[in-house]
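Written below as structure tokens is the structure these notes are about.
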Amino acid sequence: MPTPQSDLARETLNDPYNFDFLTLTEKHNEKELEDALVNHVTRFLLELGAGFSYIGQQYKLEVSGDEFFIDLLFYHVKLHCYVVVEQKSVKFKPEFAGKLNFYVSAVDEILKSEQDNATIGILICKSKNDTVVEYALKDVHKPIGVSEYIITKNLPDEFKSSLPSIEEIEG
């Protein structure tokens, strides 16, 4: 991407994203994660950062008669581009990059207008190995970023004082 759009795109991607506002079990699946993010879309947009506009969940794209569904689709008003967000509730695998690259290419061909900049892809995984991510994206020429998400197990301080301690429960 040309500067300054590439600089703004880099600033747009967080690593990791903090999804403490979600109440998910440790063994959640992708559907539960996606539904929780959509149910809390305002907080999710705040975590993504300024400029994101929500387009849809499981956004249907038809490519030569085949249907595909993007987990989450946004439009970034400052970057003037679509943003494809795919999330995985598992560690990053190289094949995830191929799927995201396909979606980014399809959005560029089907949805993007002449006034829009290149579509950005964001893959949010439970965890990642930076070297594996680097190899997976090495010859991909589309703006794609991979980030982790975290959900803290600790109870926020404002709730700690209103709940009984373990000793009080056991006693």
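A short reminder: the numbers here are calculations on the coordinates, not readings from a lab. From a predicted model like this one, the values you see are computed outputs, not experimental measurements. Virtual Cβ from ideal backbone geometry, glycine too; neighbours counted across all protein chains shown.
Observations on the structure shown:
- Note on His141, His28: ascending count of other Cβ atoms within 10 Å places them as His141, His28, the fewest first.
- Under a 5 Å amide H cut-off, with hydrogens placed 1.01 Å from N, Lys128 pairs with Phe92 among residues at least 5 apart or on other chains.
- In this structure the amide hydrogen of Ile55, modeled in the peptide plane, comes within under 5 Å of the amide hydrogens of Leu73, Phe74, Tyr75, none closer than 5 places in sequence on its chain.
- Counting Lys and Arg as +1 and Asp and Glu as -1 over every other residue whose Cβ lies under 12 Å from the Cβ of His28, the net charge comes to -1.
- Other-chain or far-sequence residues with amide H under 5 Å of Gly145's (modelled H): Gly121, Ile122, Leu123
- Coupling constants for segment 49-61 follow from the phi torsions by the Karplus curve (6.51 cos²θ - 1.76 cosθ + 1.60, θ = phi - 60°), and in residue order they are x, 5, x, 7, 10, 6, 9, x, 10, 6, 5, 7, 10 Hz; glycine and proline get x.
- Computed 3J(HN,Hα) for segment 116-127, one whole-Hz value per residue from the Karplus formula 6.51 cos²θ - 1.76 cosθ + 1.60 where θ = phi - 60°, is 7, 7, 4, 5, 10, x, 10, 10, 10, 10, 5, 7, glycine and proline marked x.
- Cβ-based exposure ranking for Ser89, Ser64, in which fewest neighbours within 10 Å come first: Ser64, Ser89
- Straight-line reach from Lys93: taking Cα to Cα under 21 Å and skipping same-chain neighbours fewer than 8 places apart, the lysines in range are Lys27, Lys31, Lys126, Lys128, Lys138, Lys142.
- For segment 97-104, the Karplus equation 6.51 cos²θ - 1.76 cosθ + 1.60, evaluated at θ = phi - 60°, returns couplings of 5, x, 5, 5, 4, 4, 4, 4 Hz by residue, with Gly and Pro reported as x.
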